[in-house]
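Below: one structure, written as structure tokens.
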Amino acid sequence: MRYNAWRVFPRESRTLNDRIGWLDGLVVATPDITLAVDPVRLHRLPHNAWAFVSHAHADHTRGFSHRGHKQSTTETRDIHRALNDQKVTNFTALELGHLAKFDDTEVKAINAGHMLGSAQFLVRTPNITILYTGDINCVDTLTTKAAQPEKCDVLIIEATYGSPFYKFPPRENVYATIVEWALDTLRHGIVPCLHVYAAGKGQEIIRLFNSYTRIPVVVDQRLDGVNKTYHKNGNNLHWLSDHSTDGKETLENMPCVYVTTPNDRKHLGRRFSRAYATGWALSAKSRATAFPLSSHADFDQLVGFIRECAPRQVYIFTGFADELRYALKARLGIEARVVPSFAQRTLWESY
Ligand SMILES: [Zn+2]
């Protein structure tokens, strides 16, 4: 079925290829089928479309509710299931480094470095190669390897921290600062409590304390299922759930670190000291303690990544899209365009 995907891309860009568009997510029409990458709404997708999900954060997983076929890495499907208790039907795994073929079009999953199982998708039609990054991180962490750039004609890239203001310190320094803060807090008889995303950052923090201290880590039960998926996939994690007897007892009577979600407002009492780990810490105006530990690329990493992909055309979504667009013109001579998306510019994101 030929599918008209042109609703948002400007008219002049249509000369690139008559089969690629942005319709609440990247849409590619092969002669017989529609491929939709990270769709954020489903009502305009044909039932026989294939939905691709880049990673398990809630702002990218709408495609798992599509009635037709779904593809992601197995880890992304498992983390989504752990977080939402949602079974994914009509599912075919597409593992990192592997290809799926649809008529004359190939889709390859490539490591995005953002969290376990996170993928970029390289879509190759007979005329054009498109790289859709999803969320990317361009440095190694304790739980992930850096995103891999790929040569492409068209690059569609996130710009969460696409402003020159966002330059993250070396990760080892941030790790050291977090551990020092936790040890200092414990020395005062207070339990350090870190608010982080339940999937990705949470497991990195657990790994940090497992690797460099002997302090027991107790977690909000929402992290429990995701931890198990990480553990099953080779990330050796040790933790106690706050719903287990051991976890409750440790939290009550022992020196420990407590890891919970960004929006957890349950009353913890004076025995606890809260802190946050997020890239937004660089711009946070609140008095809360916050560490600039991000699962996203900062500005310099984004520019470097784009340079390595050497695209003819760049489309940007999310965050500081306009600032990145101006910088690409000035530094690389690349004309970039912005595609509309939800904003992701707050310190207290909910996933
Ligand atoms: Zn994400």
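Looking across Arg187, Arg271, Arg265, one residue alone is closer than 25 Å to His57 by Cβ and either assigned by TED's automatic domain parsing to the domain that holds Ala58 or away from the ligand (no atom under 16 Å from the Cβ) (or both). It is Arg265. Among the residues that make up the stretch 119-126, is at least one of them more than 16 Å from the ligand (Cβ to nearest atom) and within 20 Å of Pro292 (Cβ to Cβ)? Scanning the stretch 119-126, I find no residue that is more than 16 Å from the ligand (Cβ to nearest atom) and within 20 Å of Pro292 (Cβ to Cβ), so the answer is no. Would you call Gly162 within 16 Å of the ligand (Cβ to nearest atom), over 14 Å from the mean Cα position of the chain (by Cα), of a type in the set (Gly, Ala, Ser) and surrounded by 22 or more Cβ atoms within 10 Å (Cβ to Cβ)? Criteria met by Gly162. As a summary of the residue check, Leu131 satisfies the conditions (1) closer than 21 Å to Gly25 by Cβ; (2) within 15 Å of the ligand (Cβ to nearest atom); (3) of a type outside the set (Ser, Thr, Tyr) except for the one numbered (2). The residues listed here are Gly202, Gly225, Gly269; of these, the one that is in a loop (DSSP other than H, G, I, E, B) and among the small types (Gly, Ala, Ser) is Gly269. Out of all the residues in the stretch 157-201, which are in contact (Cβ under 8 Å) with a residue 60 or more places away in the chain and over 25 Å from Asp264 (Cα atoms)? Within the stretch 157-201, Ile157, Glu158, Ala159, Gly162, Ser163, Pro164, Phe165, Tyr166, Lys167, Phe168, Pro169, Arg171 meet the criteria.
Which residue out of Leu251, Leu328 is more than 16 Å from the ligand (Cβ to nearest atom), assigned by TED's automatic domain parsing to the domain that holds Leu183 and outside any loop (DSSP other than H, G, I, E, B)? Residue meeting the stated conditions: Leu251. The number of residues in the stretch 320-341 that are of a type in the set (Asp, Glu) and free of Cβ contacts under 8 Å to residues at least 24 places away in the same chain comes to 2.
Starting from residues that are assigned to a loop (DSSP other than H, G, I, E, B) and surrounded by fewer than 20 Cβ atoms within 10 Å (Cβ to Cβ), keep the ones in the stretch 287-301 and report whichever is farthest from the ligand (Cβ to nearest atom). Here the residue is Arg287.
Looking for something charged (D, E, K, R) and closer than 30 Å to Arg331 by Cβ - is there at least one such residue anywhere in the stretch 279-292? Yes: the stretch 279-292 contains one or more residues that are charged (D, E, K, R) and closer than 30 Å to Arg331 by Cβ.
Pairs linking a residue in the stretch 81-101 that is closer than 14 Å to Lys70 by Cα to a residue that is small (Gly, Ala, Ser) and surrounded by 11 or more Cβ atoms within 10 Å (Cβ to Cβ), with Cβ atoms under 6 Å and 6 or more positions apart or on different chains, are Leu94/Ala100; Leu94/Ala109.
Taking into account only those residues within the stretch 33-68 that are over 24 Å from His296 (Cα atoms) and in contact (Cβ under 8 Å) with a residue 60 or more places away in the chain, which is surrounded by the most Cβ atoms within 10 Å (Cβ to Cβ)? If we take residues in the stretch 33-68 being over 24 Å from His296 (Cα atoms) and in contact (Cβ under 8 Å) with a residue 60 or more places away in the chain, then Leu35 is surrounded by the most Cβ atoms within 10 Å (Cβ to Cβ). With the condition kept exactly as written, say whether any residue in the stretch 139-157 is surrounded by fewer than 24 Cβ atoms within 10 Å (Cβ to Cβ), acidic (Asp, Glu) and either farther than 30 Å from Thr289 by Cβ or within 13 Å of the ligand (Cβ to nearest atom) (or both). Yes, that holds for at least one residue.
The values are calculated or read from the model by the stated rules, or taken from the named source; none is laboratory data. Please read all numbers here as calculations on a predicted model, not as lab measurements. Note that each Cβ is placed from the backbone with ideal geometry, even for glycine, and that neighbours are counted across all protein chains shown.
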